[in-house]
Amino acid sequence: MTVGVMSGSAAGALHPARLLAQQPDPPIVVASKPFGESYLLAELFAQLLEARGLTAERRLGLGATEIAFAALRRGAIDVYPEYTGTGLLAILHARPSADPRAAYAQVAREFRERFGVRWLPPLGFQNTYAIALRRETAERLRLRTLTDLARVAPTLRAGLTPDFLGRADGLPGLQGAYGLRFRDTRALLPAIKYQALAAGEVDVIDGYGTDGLIARYDLVVLEDDRGFFPPYEAAAVLAPGLAERRPAVVAALTELSGRLSETAMRGLNRRVEVDGEPVARVAGDALRELGLVAPGGDASGPRPEQGRAGLADYLWAERATLLRLVTRHLLLVSVSLVAAIAVAVPLGLALERARRGAETVIRGVGVLQTIPGIALLAFMLPVLGIGLVPALVALFLYSLYPILRNTYAGVRNAAPDAVGAARALGMTPRQILRHVRLPLAAPLILAGIRTAAVINVGTATLAAFIGAGGLGDPIAAGLALSDTRMILSGALPAAVLALGVDAALGACERVVRPGGG
Amino acid sequence: MGAALAAREVSKRYGAIVALDRVSLEVRQGECVALIGESGSGKTTLLRCFNRLTDPDAGVVVVQGDDVSASDPVDLRRRVGYVPQDGGLLPHWPIGRNVALVPWLRGMNDPPALADQALRLVGLDPAAMANRWPRELSGGQRQRAAVARALAARPDIVLLDEPFGALDAITRADLQSTFLELRRELALTALLVTHDLAEACLLADRIAVMHQGRLEQVAPPGELREAPATAYVRTLLARARVVG
C-alpha cells in the first residue's frame with residue numbers, strides 16, 4: 001500500500017498537466033482535517049484540480065476545525081472540505097437549523113459576510129453524528145432509536161471524542177434533547193474509539209454517519225428519532241478572494257457538487273479505513289467512476305501493489321518518502337535548535353552576570369514548557385498562520401528552557417576555585433567567561449542542548465497538525481485512517497532519529513569535556 | 001629600602017562584622033612577612049587588599065609606591081604573583097598552559113618558555129609535566145605548579161594564601177624548603193597567610209599576628225617568642241608548643 005497523503009504531492013509534481021501548464025499562478029493549497037473522510041475529500045479536490053490543469057499542493061491533516069479554518073481565513077490554505085453543521089456551531093456559534101437547505105444558506109451567507117469565505121454547493125451527502133453500539137448490545141437491549149437508548153443509558157459506558165463532549169451539538173445538547181445519562185463517560189480519541197468499542201471497553205461511541213469502520217465492526221447506528229443532530233452537509237470552502245482570483249478553481253470543484261451520495265461515500269471511506277487502500281487511488285477511482293476524469297488517466301500514477309505486506313517491506317517500499325520526511329524533520333529540529341542555542345546560551349551567560357532576577361527569567365521561560373504543544377500552535381495561529389514558520393517558532397520556544405537552565409547552572413557553578421584564581425591572576429571578566437566559565441560549563445550546556453534536541457525530535461511530530469510536514473505526517477494520517485503500519489512508519493523513524501541525535505550529541509559532549517575527558 | 005607593600009589604617013566591614021580594624025603593616029623590599037591568625041581574624045582579607053580582590057572601606061594600600069585605589073585592578077593583579085590555597089589550576093588547561101597564564105595575559109614574549117623556566121624553578125620537569133592535566137598530578141605537584149604559575153612572569157611580589165595548608169606533613173616540608181630557596185634566589189617580596197606558627201617561623205622574616213581584625217604584634221620570630229606583646233600572642237605561642 002502506498003500512502004496517499006505521503007506520495008500525493010510527489011505524484012502531483014509528476015503530473016503531465018503540470019508540465020504542460022506554463023502558468024505563473026501559485027499552486028492551489030488543498031487542506032484537510034485529521035480524519036479519514038477529510039483526507040479523502042481533499043484528495044478528490046486535489047486530483048480534480050490537477051485533471052483540469054491546475055497545480056495542487058496538499059496540506060493534509062491540519063489540527064482541527066479551529067486550525068484549518070484559521071488557516072483558510074488567512075489565505076495560508078486555499079480550500080478544504082467542511083460540514084455545514086460544523087460551520088454553524090463551531091465557527092458561527094449559531095443555533096443549528098434542522099433543515100439542511102436552510103443550514104447551507106445560513107453558512108454560505110454568514111461566512112461570506114463575516115469572513116469573505118466562500119462555500120461551494122454541497123457535495124451531495126451528509127455526515128452527521130452517529131451514536132453507535134455493538135450489534136450484540138443493541139439486540140440484547142432491543143435498541144433502535146436514541147429514545148430507546150435514553151431508557152438504558154444509566155447502565156452503559158460511553159466513550160466519546162473530546163470534540164463531542166464539549167460541543168453544543170454533542171453530548172450536552174443530546175442530554176437535553178433525550179435526557180441521556182450514561183453510567184460513565186470517558187473521552188476517547190477518534191483513532192481508538194472503534195477499537196475500544198469492539199474490545200468492550202465502552203458500550204457506546206460517537207461516530208460519523210459515513211464512517212467506514214461502522215461496517216467493519218458490524219455496529220448498529222441508532223436513529224435520531226427526535227431530529228436532534230443538525231445537518232452536516234459536506235462542501236468545499238474557499239479562502240477569501242480565491243473565487244475571484246482563480247475562477248478555474250470554482251469551475252473545477254463545483255463539478256463535484258451533488259455528485260457524492262452517502263452510500264458512495266461510505267463505500268469510499270470503507271476502502272480507505274477498512275481495506276487500507278491508499279487515499280490517492282480511492283480518490284482517483286471515484287473521479288473516474290463519476291466520469292470526471294478519463295478512464296486510465298490515473299491522476300495519482302501507477303503504484304506498486306503492496307497489499308498487507310509486513311512492516312519491514314512497507315518501510316522499504318516507502319523509503320524515498322520516508323527519507324524526504326526524515327530530512328524535513330531534521331530541518332525542523334535543527335533550525336529551531338540552532339535558533340534556541342543562539343538565544344538561550346548568551347541569555348544564560350548574561351543572567352550569570354546579573355544574578356538578581358535570573359531565576360525569575362528562567363522560570364518564566366520554563367512556563368512556556370508547560371503549554372501543551374497543540375495549544376501553543378493554536379495560540380500562534382492568528383499571528384503566524386500554518387506551515388513551517390509557526391512550527392519552527394513553537395519548537396524554538398520548547399528548546400529554550402533546558403538550554404537556558406543548563407547554561408546558567410553551568411557557568412554559575414563552574415569550578416569556583418579556578419574562577420577565583422583566574423581573577424586573582426589578572427583575567428578580565430570577559431576573559432574569565434570565555435576561557436574559564438564557558439569551557440568548564442560546556443559539558444552541562446551541551447547536555448541541555450542534548451535534552452532539548454531529543455524532546456524536539458518528539459515534539460516536531462506535532463508539526464504535522466499545522467501542515468509543516470515531517471515524520472508527524474504519516475502519524476497523523478495513520479491515526480486518521482486507523483492504519484497502524486502508517487503510524488509506525490512515522491513513529492519508528494522518529495524514535496531512531498531521537499536515539500541518533502542523542503548519540504551524536506553525546507559524542508560531542510565527550511569531546512568538549514574539560515581536562516581531556 | 002622602601003616598603004614594597006604598605007597598608008595604612010585600613011578598615012573593612014562586611015555588614016556587622018569588622019574584618020579589618022585600622023590595620024597598618026609594611027613589607028620591605030625582599031622581605032617575607034607571615035600573616036598568622038585563626039579563621040575570621042582578617043588575615044586573608046588584608047592579603048586580598050594588596051591585589052584589589054578586596055577594596056577597603058577606609059585607609060590606604062600601597063604597592064611599590066603606588067596607591068592601589070588609583071591603579072587598574074587587572075594590571076595590578078598581573079604584576080603581583082598569587083598562590084591560592086587550593087592551587088586554583090584551571091582544570092581544562094594542561095599544566096604548561098596554566099603556568100604560562102600571566103605571561104600570556106601580559107603579552108610577554110614566548111610564554112611557554114617562561115612557563116618551562118618556572119616549572120624548573122619549583123622542581124618540576126617541563127618535559128614530563130607541561131602536557132599533563134591538573135587532575136593527573138598529586139596534591140604536592142599541583143601546588144608546585146601553582147607556585148610556578150605565580151612566578152612565571154617574574155613578579156617582584158608574591159601573595160600566598162595558605163599555600164601549603166592542604167598538604168600532608170612531608171609534602172609540606174618539601175614545598176617549604178623549595179619556597180625558601182626560591183625566595184633567596186629570586187629576592188622575592190612575599191606576604192604569606194598561614195594558620196601554622198611553625199610554618200610562619202620557618203619561612204618569614206617577620207610575623208604579623210592578627211586577631212579579630214586587629215594586628216596584635218609584628219615582630220621577627222625570635223622576638224615574638226621572647227617577648228609576646230599581648231595575651232592573645234601568648235596563648236597562640238602556648239598552643240603551638242603543645243601541638244608542635
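Each value in this text was obtained by applying a stated rule to the coordinates, not by laboratory testing. Source: prediction; values computed, not measured. Counting neighbours? That spans all protein chains shown, and the Cβs are built from the backbone with ideal geometry, glycine included.
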Problem - Charge dipole magnitude, Cβ of K and R +1, D and E -1 - the protein assembly as shown, Cα centre, debye nearest 20 - result: 780 debye
Problem - Sorted by Cβ neighbour density within 10 Å, fewest at the top, the residues B:39, A:32 - result: B:39, A:32
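I need B:49, B:201 ordered by Cβ neighbour count within 10 Å, fewest first.
Ascending Cβ contact count within 10 Å gives the list B:201, B:49.
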Practice task
Calculate the radius of gyration of the Cα atoms of the protein assembly as shown to one decimal place, then report Dmax, the largest Cα-Cα distance, as a whole number, both in Å.
Solution key: 39.7, 121
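Net charge around residue A:349, counting only other residues with Cβ within less than 11 Å of its Cβ (Lys, Arg = +1; Asp, Glu = -1)? Let's see the in-between values first.
Working: positive: A:353, A:412, A:430, A:434, A:437; negative: A:352.
So the surrounding residues net to +4.
Taking 0.36 nm per residue of separation and subtracting the Cα-Cα distance, what length does fully extending residue A:112 through residue A:186 add? Before the final figure, lay out the partial values.
Working: separation 74, 0.36 × 74 = 26.64 nm, distance 3.75 nm.
Length gained between residue A:112 and residue A:186: 22.9 nm.
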Handout entry: Ranked list, fewest to most other Cβ atoms within 10 Å of each Cβ, for A:370, A:128
Key = A:370, A:128
Practice task
Excluding residue B:45 itself, calculate the net charge of residues whose Cβ lies under 14 Å from the Cβ of residue B:45, where each Lys or Arg counts +1 and each Asp or Glu counts -1.
Solution key: +1
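How large is the dipole of segment B:88-209 about the Cα centre if only Lys and Arg carry +1 and Asp and Glu carry -1, each at its Cβ, rounded to the nearest 20 debye? Working shown, then result.
Details: 13 positive and 14 negative charges, 65 e Å.
Using Cβ point charges on Lys, Arg, Asp and Glu, segment B:88-209 gives about 320 debye.
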Completion exercise
Ranked by GNM mean-square fluctuation in chain B (Cα springs under 10 Å), the top entry among B:196, B:205, B:75 is B:75
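How high is the relative contact order of chain B, in percent, counting Cα pairs under 8 Å that sit 6 or more residues apart?
Details: 479 pairs, mean separation 63.2, N = 244.
Relative contact order of chain B: 26 percent.
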Fill in the blank from the handout: Computed for segment B:1-59: size of charge dipole around the Cα centre, +1 on C-beta of each Lys and Arg, -1 on C-beta of each Asp and Glu, debye to nearest 20, value 100 debye
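How large is the Kirkwood hydrodynamic radius of segment B:3-243, in angstrom, based on all distinct alpha carbon pairs?
Details: mean 1/r = 0.0547 Å⁻¹.
Here the Kirkwood hydrodynamic radius works out to 18.3 Å.
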Handout entry: chain B: DSSP helices with Cα axial extent of at least 24 Å and average Kyte-Doolittle hydropathy no lower than -0.5
Key = B:169-186
Fill in the blank from the handout: Measuring from the longest principal axis of the C-alpha atoms of chain A, the long axis of helix A:438-459 (C-alpha) lies at a number of degrees, nearest 10, equal to 0 degrees
Exercise for the section: Compute the signed sum of charges (Lys and Arg +1, Asp and Glu -1) over the other residues within less than 13 Å, Cβ to Cβ, of residue A:463. Expected result: +1
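Once the mean 1/r over all distinct Cα pairs of segment A:129-221 is inverted, what Kirkwood radius in angstroms do you read off? Don't jump to the answer; show the numbers that get you there.
Numbers: mean 1/r = 0.0773 Å⁻¹.
Taking every pair of different Cα atoms in segment A:129-221, averaging 1/r and inverting gives 12.9 Å.
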Completion exercise
So the angle from the long Cα axis of helix A:484-512 to the longest Cα principal axis of chain A, reported in degrees to the nearest 10, equals 10 degrees
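Relative contact order, percent, of chain A when contacts are C-alpha pairs under 8 Å separated by at least 6 residues? Mind showing how you got there, number by number?
Details: 891 pairs, mean separation 98.2, N = 517.
Averaging sequence separation for qualifying contacts and normalising by length gives 19 percent for chain A.
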Exercise for the section: State the volume of the convex hull built on the alpha-carbon positions of segment A:319-512, expressed per residue in Å³ and rounded to an integer. Expected result: 116 Å³
Practice task
Select from A:141, A:190, A:205 the residue farthest towards the positive end of the dipole of segment A:129-221; place +1 on Cβ of Lys and Arg, -1 on Cβ of Asp and Glu, and compute about the Cα centre.
Solution key: A:141
Fill in the blank from the handout: Low-density loop GluC sites (Glu not before Pro), segment A:111-210, at most 15 other Cβ within 10 Å, DSSP non-H/G/I/E/B, are A:201
Problem - Other protein chain Cβ atoms within 10 Å, averaged over every residue that makes up B:72-81 - result: 3
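Convert 37 °C to kelvin, take the viscosity as 0.692 mPa s, use the Kirkwood radius over C-alpha pairs of segment B:1-94 as Rh, and evaluate the Stokes-Einstein diffusion coefficient in µm²/s, rounded to a whole number. Show your work: numbers first, answer last.
Numbers: Rh = 14.3 Å.
Translational diffusion coefficient: 230 µm²/s.
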Problem - Signed unit charges on C-beta, dipole axis of the protein assembly as shown, positive-most listed residue B:20, B:217, A:416 - result: B:217
